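Note sheet for the following structure.
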Amino acid sequence: MNPIVLTNPLIQHKLSIIRNKKTGTKEFREIIGEIATFLCYEAMSDAELEEVEIETPIGKTKAKQLNENKYAFVPILRAGTGMLDGLINAIPNAKIGHVGLYRDEETLKPVRYYYKMPKDIANREVIVLDPMLATGGSASDTITMLKEDGVKKIKFLCIISAPEGIERLQKEHPDVEIYTASIDEKLNEIGYIVPGLGDAGDRIFGTK
């Protein structure tokens with residue numbers, strides 16, 4: 001599957017703000033959540049709705065509703081949690097899992113230190129969150145763990161992606177749809193996306 005890239009002018013405008021190194025923590029964090037909401041709307045375009053009967057102030061009618069209990073969000077710690085509020089705003093009753101991975105600065109490979117999922121994760125559609133798809137190692141390892149738990153349908157949402165990360169994810173998990181707001185030029189020699197926006201986690205939490 002080809003990545004689905006959101007090209008809406010409003011999203012591109014907001015991307016320009018978070019790329020700017022002068023943008024402060026508060027504004028950066030808020031815009032990450034806003035773009036995540038847009039990504040969620042796009043990722044849910046194929047969602048199945050259930051018909052229910054409701055009563056408006058005027059009378060009874062048939063309506064379509066989403067079964068929110070069929071979904072789970074899995075942010076990759078720590079930067080992925082910066083996208084979480086944006087998705088919870090859209091689907092507030094989805095369950096939340098967490099995956100803790102950090103990148104070994106020498107090998108650039110992800111190291112797992114935490115994994116906690118809802119007990120019925122295998123019965124849910126899972127949306128994995130990470131602002132940056134760089135080498136693709138953390139994303140691929142997270143998806144592998146979810147599949148080992150029996151998850152059948154997985155989507156991956158990121159703000160910015162690199163061609164190298166997309167290629168790896170498509171090779172290792174060709175069934176997983178990728179949603180992103182930008183495909184950037186490349187990775188540099190230390191595994192950062194160019195031009196990118198720096199370290200998303202540090203900028204979300206103000207740790208640098």
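Pairing residues of the range 181-196 that are assigned to a loop (DSSP other than H, G, I, E, B) with residues that are among the hydroxyl-bearing types (Ser, Thr, Tyr), at Cβ distances under 8 Å and at least 6 apart in sequence or on separate chains, gives ASP184/SER161; GLY191/THR135. What residue, of ALA134, ALA200, ALA162, is under 19 Å from PHE73 (Cβ atoms) and modelled with pLDDT of 90 or more? Of the residues listed, the single one that is under 19 Å from PHE73 (Cβ atoms) and modelled with pLDDT of 90 or more is ALA200.
In the set (1) closer than 27 Å to PRO163 by Cα; (2) in contact (Cβ under 8 Å) with a residue 24 or more places away in the chain; (3) in contact with a Lys or Arg (Cβ under 9 Å, 6 or more places away or on another chain); (4) of a type outside the set (Gly, Ala, Ser), TYR71 fails one condition alone, (1). The residue list GLU34, GLU42, GLU53, GLU30 contains one member that is of a type in the set (D, E, K, R) and touching a Phe, Trp or Tyr at 6+ places or on another chain (Cβ under 7 Å), which is GLU42.
A single member of ILE143, ILE127, ILE159 is among the aliphatic types (A, V, I, L, M) and touching a Pro at 6+ places or on another chain (Cβ under 7 Å), and it is ILE159.
Which members of the range 8-42 meet the condition of being assigned to a loop (DSSP other than H, G, I, E, B) and under 21 Å from ASP202 (Cα atoms)?
Scanning the range 8-42 gives ASN20, LYS21, LYS22, THR23, GLY24.
Hey, does the range 57-66 have a residue that's in contact (Cβ under 8 Å) with a residue 24 or more places away in the chain and either of a type outside the set (S, T, N, Q) or at positive phi (or both)? Within the range 57-66, one or more residues are in contact (Cβ under 8 Å) with a residue 24 or more places away in the chain and either of a type outside the set (S, T, N, Q) or at positive phi (or both).
Scanning for something closer than 22 Å to ASP199 by Cβ and either exposed (fewer than 10 other Cβ atoms within 10 Å of the Cβ) or within 19 Å of the chain's Cα centre (by Cα) (or both), does the range 44-52 turn up at least one residue?
No; the residues of the range 44-52 include none that is closer than 22 Å to ASP199 by Cβ and either exposed (fewer than 10 other Cβ atoms within 10 Å of the Cβ) or within 19 Å of the chain's Cα centre (by Cα) (or both).
Residues of the range 98-120 include at least one that is out of contact with any strand residue (DSSP E or B) (no Cβ under 7 Å at 6 or more places or on another chain), under 28 Å from ASP199 (Cα atoms) and among the polar types (S, T, N, Q). Taken over the range 90-131, the criterion of being in contact (Cβ under 8 Å) with a residue 40 or more places away in the chain, basic (Lys, Arg) and in a strand (DSSP E or B) is satisfied by ARG103 alone.
Conditions (1) surrounded by fewer than 21 Cβ atoms within 10 Å (Cβ to Cβ); (2) over 19 Å from the mean Cα position of the chain (by Cα), marked per residue:
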{"position": "LEU169", "(1), (2)": "no, no"}
{"position": "GLU172", "(1), (2)": "yes, no"}
{"position": "VAL176", "(1), (2)": "yes, no"}
{"position": "ASN188", "(1), (2)": "yes, yes"}
{"position": "GLY198", "(1), (2)": "yes, no"}
{"position": "ASP202", "(1), (2)": "yes, no"}
{"position": "GLY206", "(1), (2)": "yes, yes"}
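Taking the criterion of being closer than 29 Å to GLU167 by Cβ and either modelled with pLDDT under 95 or not in a helix (DSSP H, G or I) (or both), would at least one residue in the range 47-67 satisfy it? Within the range 47-67, one or more residues are closer than 29 Å to GLU167 by Cβ and either modelled with pLDDT under 95 or not in a helix (DSSP H, G or I) (or both). Quick check on THR142: is it buried (at least 17 other Cβ atoms within 10 Å of the Cβ), polar (S, T, N, Q), closer than 17 Å to VAL5 by Cα and in contact (Cβ under 8 Å) with a residue 12 or more places away in the chain? In short, no.
The values are calculated or read from the model by the stated rules, or taken from the named source; none is laboratory data. Only a predicted model underlies this, so the values are computations on that prediction, with no experimental measurement involved. Don't worry about glycine lacking a Cβ; one is built from the backbone with ideal geometry, like all the others, and counts go over all protein chains shown.
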